[in-house]
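Here's the structure we're looking at; comments come further down.
Since every read-out is calculated from the coordinates, none of them should be taken as a lab result. None of these values were measured; they are calculated from a predicted model. Note that each Cβ is placed from the backbone with ideal geometry, even for glycine, and that neighbours are counted across all protein chains shown.
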Amino acid sequence: MEWQDDGFILHVQNLGERKQILSLFTATHGRCSGVFSLSQKNKGWVQCGSKVKARWGARLENHIGYWTLEPLQNSTAFFLDTPGPLSALSSAVTLCQIALPERHAYPYLYARFEAFLKDLLTPYWARSYVFFELILLEELGYGLDLEKCAVTGAITELIAVSPRTGRAVCETIANPYQGKLLPLPSFICEKNDKRIPEDQEILDALQLSGYFLERYLLGRTLPSARVRLLERFIKVRECA
């Protein structure tokens, strides 16, 4: 069988000197792996985060198959001097590689992932990354309820999230439980998508989504790429 699709390279594993096993997040076939043959012409753009036009072929559907790829976009080189966006890219591709089941399409998540990669070249990269993680949780069945207070139904002054239920609570309800709830940064609930959040807000957001990623989605500690992204904002806060 054979199919064609656009996708992004998530993971590269060497298979001898001239072959690699590549994992791609594709638009209509989800995450899929296959063997790819390296050459002098293609090895420069085979990097995590690169967008490609892919042809996958195998004798049977359950075989690993082989890739034929054409580069469409390689933004990785633009991030070499910007460690923040580069660490966010590394974290995003790692989470997709670990969390997404093979060959299951997630068109909404794919669109959000593509938008996030475009935002890496803007000042909104950290904000965009946070929403990528929240949508990843939602698409895989662990979405947080952040639109109204779980107790009063209020839609304003939402400041915290219950670590048990993943539901937001307003300030009146949250105050007696300081230290037991997860902070909810205001930018997550704001309609204004042009505001660049403060570093502390991004840190709070990463701790919020990271808690639920670790507890429900991954079933283990966060991958090192995600930990490095979090540590970057911890260091920024400490130096402020």
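Structure above, values below:
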read-out	value
Label-to-label distance, nm, for residues given as Glu231 and Gln178 (7 Å Cα→Cβ offset)	3.1
Net lengthening on full extension, Trp3/Leu72 (0.36 nm per residue, minus Cα-Cα)	23.1 nm
Computed [θ] at 222 nm, deg cm²/dmol, the chain (DSSP H ≥ 4; -39,500 (n - 2.57); rounded to nearest 500)	-10500 deg cm²/dmol
Label-point separation, Leu146 to Lys118 (7 Å along Cα→Cβ), nm	2.1
Descending Cα extents along the principal axes, region 2-74, whole Å	29, 25, 17
With Cα atoms, 0 to 90° folded angle of helix 125-139 axis to the chain main axis	90
Descending semi-axes in Å of region 143-213, equivalent ellipsoid built from Cα gyration tensor	18, 14, 11
Difference of contour (0.36 nm per residue) and Cα-Cα distance, Asp81 to Glu171	28.4 nm
Too-long pairs where the Cα-Cα distance tops 20 Å, listed order kept, from Lys19/Lys53; Lys19/Lys43; Lys53/Lys118; Lys148/Lys191; Lys118/Lys194; Lys51/Lys235	Lys51/Lys235
Coarse-grained scattering of the chain at q = 0.11, 0.12, 0.18 Å⁻¹, given as base-10 log I(q)/I(0) from a Debye sum over alpha-carbon atoms	-0.61, -0.72, -1.36
Taking the chain and dividing mean pair separation by its residue count, relative contact order in percent (alpha carbons under 8 Å, at least six apart)	15
Zone residues, region 1-40, relative to His63, backbone N less than 14 Å from point 7 Å out along Cα-to-Cβ	1-3, 34-36
Per-residue HN-Hα couplings for region 218-224 [Karplus 6.51, -1.76, 1.60; θ = phi - 60°; Hz; x = Gly/Pro]	8, x, 6, 5, 5, x, 4
C-alpha long axis of helix 107-119 to longest principal axis of the chain, angle in °	80
Hypothetical label at Ile155: residues of region 130-148 whose amide nitrogen lies under 20 Å (7 Å Cα-Cβ projection)	144-148
